[in-house]
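The numbers here are math on the coordinates, done by the rules we state, and not lab data. A quick note: this is a predicted structure, and the numbers were derived from the prediction, not measured.
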Amino acid sequence: MMEITWSFHPFQDLPPALIHAIYKARVDVFVVEQHCPYAEVDDDDLVSIHVLGMYGHELVAYARIIPAKEAGELPHVGRVLVTAPHRGHGIAHRLMDVVQDELRRMYGSARSALAAQSHLQEFYEAHGHVRVGEVYDLDGIPHVDMERTDP
């Protein structure tokens, strides 16, 4: 199994080469692979904690944790990905475990929200999230809102 190094970074601490790697991976997965033209880079990047899974100098897994925007809301997990050559080895499950550990470190629990592509609902359910609404279209892809409400 690959030895992946996990790290956590506020945007301002990311060196340019890692910002490039993050944006390249996100565009490759969410825009090119999924044939979904949308504004992939957004202002949430500036306030997020960026979770990186590196194999040597290669970014193989990524997610971001967006702090709750208002009191009483949950932090949001987003842009969860594993690059195409590294899928099918359980890295996405490990990534979610790492994200939940970081949520516990940051907030004292793994409580969080996410907008899942509907075909990935079972994947997120395996990590404690439950669906909290109906399927909706987001940039041409069916999504469901999900929350994890237990620590």
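Data overview
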| quantity | calculated |
| --- | --- |
| All-pairs alpha carbon distance profile, segment 73-151, 10 Å steps from 0, percent | 18, 50, 29, 3 |
| ³J(HN,Hα), Karplus 6.51/-1.76/1.60, whole Hz, each residue of segment 17-28, x for Gly, Pro | 5, 6, 4, 4, 4, 4, 5, 5, 4, 5, 5, 4 |
| In order through segment 120-137: 3J(HN,Hα) via Karplus (6.51 cos²θ - 1.76 cosθ + 1.60), integer Hz, x for Gly, Pro | 9, 3, 5, 4, 6, 4, 5, 10, x, 8, 10, 5, 10, x, 7, 5, 9, 8 |
| Cα Rg, Dmax, the chain, angstrom units | 14.7, 41 |
| Three-way shape call for segment 1-60 based on the alpha-carbon gyration tensor, with the a/c threshold at 1.5 | oblate |
| Computed over segment 65-117, Cα set: Rg, Dmax in Å | 12.3, 40 |
| Rel. contact order, % - alpha carbon contacts under 8 angstrom, at least six apart, the chain | 18 percent |
